[in-house]
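Here is the structure we will look at.
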Amino acid sequence: MSGTFVGMPAFPEAARTAVRNPTLRGNLRHATHTIRDKRARAVAELDDWAALREAGRRIKDHTLRHLDRYLVQVEEAVTAAGGTVHWAADAEEANAIVARLVKETGEREVVKVKSMATQEIGLNEALEAEGITPYDGICARADRLQWARTAASQSSVRRHRNRGEIRDIFRSEMGEWGRPAPEGLTDTPAELAEAARLHLREKFLRAKVGISGANFVVAETGTLVVVESEGNGRMCLTLPETLISVVGIEKVVPRWQDLEVFLQTLPRSSTAERMNPYTSMWTGTTDEDGPGTFHLVLLDNGRTDTLADEVGRQALRCIRCSACLNVCPVYERAGGHAYGSVYPGPIGAILSPQLRGTGSEIDASLPYASSLCGACYEVCPVAIDIPEVLVHLRERVVQGGPAVRRGNRVVLRPAKGHAAERAAMRAAQWAFTHPGALRAGQRLASRTRRFHPRTLPGPGRAWSGTRDLPEVPAEPFRDWWQRTRGGKDGAK
């Protein structure tokens with residue numbers, strides 16, 4: 001992945017800084033609670049929501065099992081429709097392909113839209129290094145201004161900035177990148193939207209090259225789909241002469257009719273809308289309609305390695321709705337920056353360590369950025385069991401073990417700093433496989449309960465520093481069961 005976040009501290013350290021910012025926490029609380037409540041009402045309107053959720057899960061799992069076949073079908077369909085397909089194994093290769101394609105047009109400016117994948121690979125920085133200036137076209141993802149340089153902290157709605165902060169940044173920095181903010185700009189939504197509209201429209205009308213991502217790629221037709229709320233994306237997709245789309249290989253769906261499921265579940269889960277205000281679809285090129293040249297860059301960048309993990313591969317079902325962020329008590333307090341990735345929240349805690357590996361301090365800490373409450377799984381529209389993957393990745397961090405990296409099977413070494421946890425897990429494993437020792441330990445713990453501390457010493461302070469240790473019952477469950485139920489025939 002991109003080196004944008006290299007040097008990020010581990011999640012606990014980064015989160016500690018974030019939770020001390022009362023403005024950030026207030027903004028996050030307001031945004032997450034508002035969208036959470038609206039989503040619940042939008043989902044409740046559908047009697048078949050559970051069936052749609054299961055259908056989405058099955059479509060995604062089927063596609064991932066046969067991804068090799070569907071990717072070839074995508075290439076054939078896009079090529080037949082007049083487009084060109086490029087394959088990128090990693091971020092460096094993808095950035096080189098895009099930079100070359102832009103240079104071949106002779107342009108030095110591009111407009112961008114709807115692409116977490118391009119943020120993942122650090123495309124903006126790569127283009128700037130080649131003398132190409134990228135301008136992001138959607139306010140929630142643009143990073144040519146300060147108000148969007150912090151794109152890692154949001155997925156579908158603006159969360160970490162309030163209207164007053166956005167107004168101030170518009171006033172101070174818009175002029176640096178184009179049309180300045182209007183005189184006397186206030187923080188009313190209508191005025192902020194109009195200021196952004198005037199600023200961005202100049203870029204759209206002038207740009208000859210557009211760069212996008214996609215929410216879905218339909219294998220049978222080669223159709224790409226972008227859903228959005230603002231409408232800026234459609235201008236980026238239709239006005240330039242050349243369109244370059246960078247898309248993760250997991251975004252493929254087999255058939256056109258599969259979109260019927262996701263175009264219901266995605267908007268409700270993301271922005272609590274019944275349907276997205278703007279749904280743009282394009283298939284190759286068409287004379288006198290849209291860009292005359294179309295390039296599709298299919299991005300791997302760790303996805304096939306993730307696919308090789310039988311437990312972790314379910315993260316590739318993700319349709320980037322951000323519903324898990326809105327219900328996560330950790331994200332609500334820490335915000336997106338603490339995750340050190342363009343993918344924040346619960347999904348980022350399982351996706352980033354698989355795409356990037358767990359070798360860095362930040363990636364080794366992300367599987368622990370959760371209370372394992374399970375709320376993320378309950379709202380996921382494709383039923384990703386995020387808590388299951390979090391525990392799976394914690395085991396990988398602590399114990400090491402087999403994994404796939406760059407297509408090769410390797411054996412990972414345990415991460416540093418987890419010796420105490422590793423010893424505790426080994427002790428627990430031994431105890432659970434020796435019932436007599438477990439029974440004796442339970443009885444000893446009950447009889448010495450008066451002397452138990454309220455907090456743990458040493459490394460355990462990290463856990464008990466924010467919670468009390470649970471009280472040990474006066475009698476172990478086994479003894480209670482034997483005393484009250486033991487030997488009674490027919491006892492339930």
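The values are calculated or read from the model by the stated rules, or taken from the named source; none is laboratory data. Quantities reported herein were computed from a predicted structural model and do not represent experimental measurements. Cβ: placed from backbone, ideal geometry, glycine included. Neighbour counts: every protein chain shown. Heavy atoms of the whole protein, side chains included, go into the accessibility calculation; ligands, DNA and RNA do not. Shrake-Rupley method; radii C 1.70, N 1.55, O 1.52, S 1.80 Å.
What to note about this one:
- Only one entry of Glu92, Glu76 meets the criterion of being among the charged types (D, E, K, R), touching a Gly at 6+ places or on another chain (Cβ under 9 Å) and open to solvent by 30 Å² or more (accessible area, probe 1.4 Å), and that entry is Glu76.
- The lone exception for Leu351 - which of (1) open to solvent by 10 Å² or more (accessible area, probe 1.4 Å); (2) assigned to a helix (DSSP H, G or I) it fails: (1)
- Residues that are in contact with a helix residue (DSSP H, G or I) (Cβ under 6 Å, 6 or more places away or on another chain), modelled with pLDDT under 95 and within 18 Å of His418 (Cα to Cα) within region 334-362 comprise just one, Thr358.
- The number of residues in region 258-308 that are touching a residue at least 24 places away in the same chain (Cβ under 8 Å), more than 17 Å from the chain's Cα centre (by Cα) and not in a helix (DSSP H, G or I) comes to 24.
- If you go through region 167-197 and keep only what is at pLDDT 85 or above, in a helix (DSSP H, G or I) and surrounded by 15 or more Cβ atoms within 10 Å (Cβ to Cβ), you end up with Arg167, Asp168, Ile169, Phe170, Arg171, Glu191, Leu192, Ala195.
- Scanning region 97-108 for residues that are open to solvent by less than 60 Å² (accessible area, probe 1.4 Å) and either in contact with a Ser or Thr (Cβ under 6 Å, 6 or more places away or on another chain) or in contact (Cβ under 8 Å) with a residue 24 or more places away in the chain (or both) returns Ile97, Val98, Ala99, Leu101, Val102, Thr105, Glu107.
- Some residue of region 43-52 being under 26 Å from Ser352 (Cα atoms), surrounded by 14 or more Cβ atoms within 10 Å (Cβ to Cβ) and either touching a Lys or Arg at 6+ places or on another chain (Cβ under 9 Å) or touching a residue at least 12 places away in the same chain (Cβ under 8 Å) (or both): no
- Of everything in region 366-409 that is of a type in the set (S, T, N, Q) and buried (at least 16 other Cβ atoms within 10 Å of the Cβ), the residue that is farthest from Leu259 (Cα to Cα) is Gln399.
- Residues within region 216-239 that are in contact with a Lys or Arg (Cβ under 7 Å, 6 or more places away or on another chain), modelled with pLDDT of 95 or more and not in a strand (DSSP E or B), tallied: 1
- Odd one out for Leu64, checked against (1) in contact (Cβ under 8 Å) with a residue 40 or more places away in the chain; (2) farther than 30 Å from Gly359 by Cα; (3) part of a helix (DSSP H, G or I): (2)
- Just one of the numbered conditions (1) open to solvent by less than 60 Å² (accessible area, probe 1.4 Å); (2) touching a residue at least 40 places away in the same chain (Cβ under 8 Å); (3) of a type in the set (Lys, Arg) is not true of Lys251: (2).
Matching residues to (1) surrounded by 12 or more Cβ atoms within 10 Å (Cβ to Cβ); (2) assigned to a loop (DSSP other than H, G, I, E, B); (3) hydroxyl-bearing (Ser, Thr, Tyr):
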| residue | (1), (2), (3) |
| --- | --- |
| Arg450 | no, no, no |
| Glu471 | no, yes, no |
| Glu475 | yes, yes, no |
| Gln482 | no, no, no |
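- Taking region 360-444 and the helices (runs of 4 or more DSSP H) fully enclosed by it, the elements with 1 or more residues that are more than 24 Å from the chain's Cα centre (by Cα) are at 386-399, 419-432.
- Selection of region 270-322 for residues being within 17 Å of Glu120 (Cβ to Cβ), aliphatic (A, V, I, L, M) and open to solvent by 20 Å² or more (accessible area, probe 1.4 Å) yields only Leu307.
- Hey, Arg36 surrounded by 14 or more Cβ atoms within 10 Å (Cβ to Cβ) and not small (Gly, Ala, Ser) or not: yes
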